[in-house]
Amino acid sequence: MKIAVIGAGAAGLAALRHCISGTYGDQVVCYEKTDQIGGTWVYREQTGFDRYGLLIHTSMYKSLRANLPKEVMGYPDFLIPEGPVSYPMRTQILDFLNTYCDHFKLRPYIRLLHHVELVEPVARDRKWSVKVKDLQNDAVAIESFDAVMVCNGHYFEPMIPNVPGQNIFTGKQIHSHDYRVPDFFNGKKVVVMGAGPSGMDLALEISKNANRVILSHHLTETIDTVFPENVVQKGDVVELTEREAVFVDGTKEQIDVIFYCTGYKYSFPFLAESCGVRVDSNMVTHLWKHLVSIKNPTLALIGLPFYVCAFNMFDLQVRFVLRHWHGERQFPAQADMLCSEAEETARRAERGLQKKHFHMMGPEQEHYYSDLANVAGITPLPPVLSKLHNESSMRFLKDLVHFREDRYKIIDDYNFVKLSC
Ligand code: FAD
């Protein structure tokens with residue numbers, strides 16, 4: 001098969017590796033719009049738009065250390081090597097991805113600085129037309145493929161909630177996508193909006209610089225973790241005035257910055273409408289197993305589920321898709337795939353989950369992984385991965401300040417001193 005892979009982050013690299021492996025030996029081209037592999041793990045000081053007028057993709061901040069242990073973060077048969085810390089620094093993950101890329105000799109298949117602008121099914125010959133711009137030469141080409149794996153990530157298009165008064169607030173407003181270093185918050189009074197992993201991590205990080213941090217969220221209970229003294233928790237911001245935030249309990253605070261840690265939108269700007277993929281309240285439809293386009297099964301979207309063992313899951317999803325594309329497993333009838341999606345939607349709604357939580361796994365991840373492995377008849381992921389993931393997520397919630405600590409003290413990105421126990 002001739003396959004296009006869009007994006008050379010952790011998902012795109014896994015796709016490429018399995019496509020070119022001896023098992024299938026597909027003909028593959030991986031298009032990457034930036035000048036490096038690694039996707040969101042590539043740290044860039046710059047925010048906004050790049051020199052080609054494209055939105056800066058990465059949301060990585062300078063101090064970032066993974067919120068999962070390395071045992072969870074590697075690929076199934078390519079692990080993150082033993083090192084002095086359990087929770088790797090961002091630089092270690094990027095090095096790891098480069099090592100993976102070299103080990104499996106993937107670079108010759110990657111076209112850097114190639115931006116995919118449009119993907120369309122061609123009904124006539126059941127192929128895909130992919131329109132790509134070579135950014136260096138400003139040249140556009142259209143290539144034909146049998147199948148497409150979309151690996152463009154889902155942490156690049158900020159989700160910013162509508163808050164009455166947002167337009168008259170005279171302080172600063174920033175989304176975590178554009179956050180790099182904490183200096184911006186020196187001496188400021190800040191509302192951090194959202195208490196997901198980023199909101200919690202960043203509230204803690206900026207508390208060293210900010211004067212006061214108000215972590216605003218709509219969780220029914222306060223988060224049971226110990227924050228520094230200058231961090232308080234409050235309910236939702238219901239209104240902004242020129243200088244104040246008004247909270248749901250009627251209290252007001254004078255503030256300098258609103259820091260939106262409110263997540264991201266799934267976005268596939270290059271998929272033509274005829275691809276049959278829609279984003280509805282941040283639920284991507286119509287997909288079989290959060291992965292395969294039901295309308296056009298030779299289109300796969302790798303990496304949508306969140307709160308998962310990401311790189312491991314990418315590898316599993318890719319192997320699942322390839323088994324089907326190569327006819328070793330048959331896709332169910334379209335009606336059956338739609339039915340399975342509808343059943344899962346109903347099950348999740350019964351549990352009180354909104355559409356935006358449709359791709360959330362967390363405690364369900366083990367079931368998802370074993371289902372993929374069983375259906376495709378492929379090597380499953382070891383269940384211990386899900387256990388470790390769930391366990392470390394609990395540690396994160398319970399002890400935000402210390403959950404990564406081990407017997408080592410970090411001096412900078414690459415240097416550690418061992419502490420006596
Ligand atoms: P990305 O890494 O986003 O890669 C997508 C690639 O596609 C990019 O290189 C992009 O340039 C390219 N691309 C996009 N559009 C186009 C186009 N039109 N044409 C060509 N190329 C295109 N996960 C963990 O497991 N542990 C963590 O601790 C963790 N921390 C995180 C912290 C932050 C701040 C963020 C943002 C994410 C974190 N994640 C973490 C999740 C992380 O996103 C995944 O681990 C994983 O790296 C996602 O890989 P990806 O390949 O799906 O997407």
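Just so you know, all these numbers are worked out from the coordinates, no wet-lab data involved. Keep in mind it's a predicted model, so treat the numbers as computed, not measured. Backbone-built Cβ (ideal geometry, glycine too); neighbour counts: all protein chains shown.
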Exercise. If the stretch 64-137 were replaced by its equivalent ellipsoid, with semi-axes equal to the square roots of 5 times the Cα gyration tensor eigenvalues, what would those be, largest first, whole Å?
Worked result: 35, 15, 13
Problem set entry | Kirkwood Rh in Å, taken over all unlike Cα pairs in the stretch 160-260 | 13.4 Å
Exercise. How do 23-32, 247-256, 295-304 rank on mean C-beta neighbours within 10 Å, highest first?
Worked result: 295-304, 23-32, 247-256
Seminar exercise, completed: Taking 276-287, 7-18, 310-321 and ranking on average Cβ neighbours within 10 Å, highest first, one gets 7-18, 310-321, 276-287
Exercise. Taking neighbour counts of Cβ atoms within 10 Å as a proxy for exposure, in what order, fewest first, do ASP138, ASP236 appear?
Worked result: ASP138, ASP236
Seminar exercise, completed: At q = 0.12, 0.15, 0.23 1/Å the base-10 log of I(q)/I(0) from the Debye formula over the alpha-carbon atoms of the stretch 1-110 is -0.45, -0.69, -1.27
Exercise. Based on the Cβ-Cβ distance from GLU344 to ASN390, what FRET efficiency comes out when R0 is 22 Å, to the nearest 0.05?
Worked result: 0.65
Exercise. So, in Å, what gap is there between the alpha-carbon centers of the stretch 334-359 and the stretch 22-63?
Worked result: 31 Å
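Please report the net charge: other residues with Cβ closer than 11 Å to the Cβ of LYS234, K and R +1, D and E -1.
Within the 11 Å Cβ shell, the charges total -2.
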Seminar exercise, completed: Across ILE174, ILE80, ILE110, the residue with the highest GNM fluctuation in the chain (Cα network, 10 Å cutoff) is ILE174
Problem set entry | Residue-span extension gain [PHE49 to MET360] - 0.36 nm each, minus C-alpha spacing | 109.0 nm
For this session: Starting from the Cα of ASP236, step 7 Å toward the Cβ, then list every residue of the stretch 266-287 with an amide N under 17 Å from that point.
Result: 281-282
Exercise. Which value, to two decimals, describes the C-alpha radius of gyration of the stretch 79-199 once divided by 2.2 N^0.38 Å?
Worked result: 1.55
For this session: Please figure out what share of the DSSP beta bridges in the chain is antiparallel and state it in percent, rounded to the nearest 5.
Result: 50 percent
Exercise. In nanometres, what is the gap between the two model label sites at ASN162 and ALA123, each 7 Å from Cα along Cα-to-Cβ?
Worked result: 3.6 nm
For this session: Rank-order 39-47, 338-346, 57-65 by packing density, defined as the average count of other C-beta atoms within 10 Å over each peptide's residues, highest first.
Result: 57-65, 39-47, 338-346
Exercise. How big is D, in µm² s⁻¹, for the stretch 272-393 by Stokes-Einstein at 25 °C and 0.890 mPa s if Rh is the Kirkwood radius over C-alpha pairs?
Worked result: 165 µm²/s
For this session: Report the semi-axes of the equivalent ellipsoid for the stretch 223-316 in whole Å, largest first, where each axis is √(5λ) for an eigenvalue λ of the Cα gyration tensor.
Result: 39, 19, 11
Seminar exercise, completed: With T = 37 °C, eta = 0.692 mPa s and Kirkwood Rh from C-alpha pairs, the Stokes-Einstein D of the stretch 95-141 in µm²/s is about 256 µm²/s
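Need one number: % antiparallel among DSSP beta bridges in the stretch 141-252, to the nearest 5. Could the numbers behind the result be given before it?
Values: 4 of 13 bridges.
Approximately 30 percent, going by the DSSP bridge assignments.
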Exercise. Taking a quarter of the surface of the convex hull around the Cα atoms of the chain, what do you get in nm²?
Worked result: 21.5 nm²
Exercise. What is the local net charge at GLU341, summed over the other residues whose Cβ is closer than 13 Å to its Cβ (Lys, Arg +1; Asp, Glu -1)?
Worked result: +2
Exercise. With point charges of +1 on the Cβ of Lys and Arg and -1 on the Cβ of Asp and Glu, referenced to the Cα centre of the chain, which listed residue (MET361, LEU135, THR262) lies farthest in the positive direction of the dipole?
Worked result: LEU135
For this session: Could you please state, rounded to a whole Å, how far the C-alpha centre of the stretch 73-109 is from the C-alpha centre of the stretch 111-180?
Result: 25 Å
Problem set entry | the stretch 328-408: mean projected area of Cα convex hull, nm² | 8.0 nm²
For this session: Specify which residue in the list VAL192, ILE160, SER176 is farthest towards the positive end of the charge dipole of the stretch 146-211, using unit charges on the beta carbon of Lys, Arg (+1) and Asp, Glu (-1), about the Cα centre.
Result: VAL192
For this session: First select every other residue whose beta carbon is under 9 angstrom from the beta carbon of PRO121; then total the charges, Lys and Arg +1, Asp and Glu -1.
Result: +2
